[in-house]
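The structure appears right after this line, and notes come after that.
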Amino acid sequence: MMKINEKISAGVHVFNPVRINAGFAEEKIPTSISLGLSYIPSDKVLLAAETKKNIDDPTQVCLGVEYQIIDALHLRVGIETNPSVYSFGIGINIKQLKIDAGTSYHLVFGASPHLSVSYLFARKKMSEMK
């Protein structure tokens with residue numbers, strides 16, 4: 001991930017660049033590459049775009065928007081192509097506790113709910129450790 005300026009970040013991810021197999025099957029795990037970009041037009045809005053290419057499948061494009069309703073509450077919506085997947089979710093931040101819940105909907109496989117709970121442990125500053 002690279003921060004280009006205060007509002008724009010970009011990233012690249014390469015998965016399995018040497019196409020190793022799973023060890024128990026002859027089928028190789030495919031190589032994929034992802035390129036992403038985020039833009040923060042205001043204090044309350046984040047826009048994200050990503051393109052993913054698995055060497056065995058068509059290119060996918062993903063677009064997402066996050067809107068901060070209040071400091072502790074974020075709404076998210078997104079879409080993905082090839083195949084079409086629609087998603088939405090919420091994020092709740094209470095001090096160091098983060099809860100993210102959402103669902104994605106695939107036209108063939110249906111809905112897939114998602115939930116994550118994270119706790120950010122405080123790190124002492126070097127000045128506090130002396």
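Bear in mind that the values in this text are calculations on the coordinates, not laboratory data. Just so we're clear, the structure is a prediction, and the values are computed from it rather than from any experiment. So basically every Cβ, Gly included, is an ideal-geometry build from the backbone, and we count neighbours across all protein chains shown.
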**Prompt:** Any idea how many Lys pairs in the chain come in under 26 angstrom at the alpha carbon, given 8 or more places apart or on separate chains?
**Reply:** 21
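What Kirkwood hydrodynamic radius, in Å, does the chain give when the mean of 1/r is taken over all pairs of distinct Cα atoms and then inverted?
For the chain, inverting the mean 1/r across all distinct Cα pairs yields 17.5 Å.
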**Residue-averaged 222 nm ellipticity for the chain, from DSSP H runs of 4+ at -39500 (n - 2.57), nearest 500** = -500 deg cm²/dmol
**Sparse-neighbourhood loop sites, chymotrypsin sites (Phe, Trp or Tyr not before Pro) in region 2-44 - DSSP loop, at most 11 other Cβ within 10 angstrom** = Phe24
**Debye, to nearest 20: dipole size of region 1-109, +1 on Lys, Arg Cβ, -1 on Asp, Glu Cβ** = 240
**Request:** For Thr31, enumerate residues with amide H under 5 Å from its amide H, sequence gap 5+ or separate chain, H modeled in the peptide plane.
**Result:** Ile55
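Please compute the contact order of the chain in relative form: average sequence separation of alpha-carbon pairs under 8 Å and at least six residues apart, divided by the residue count, as a percent. Mind showing how you got there, number by number?
Values: 263 pairs, mean separation 15.6, N = 130.
After rounding, I find 12 percent.
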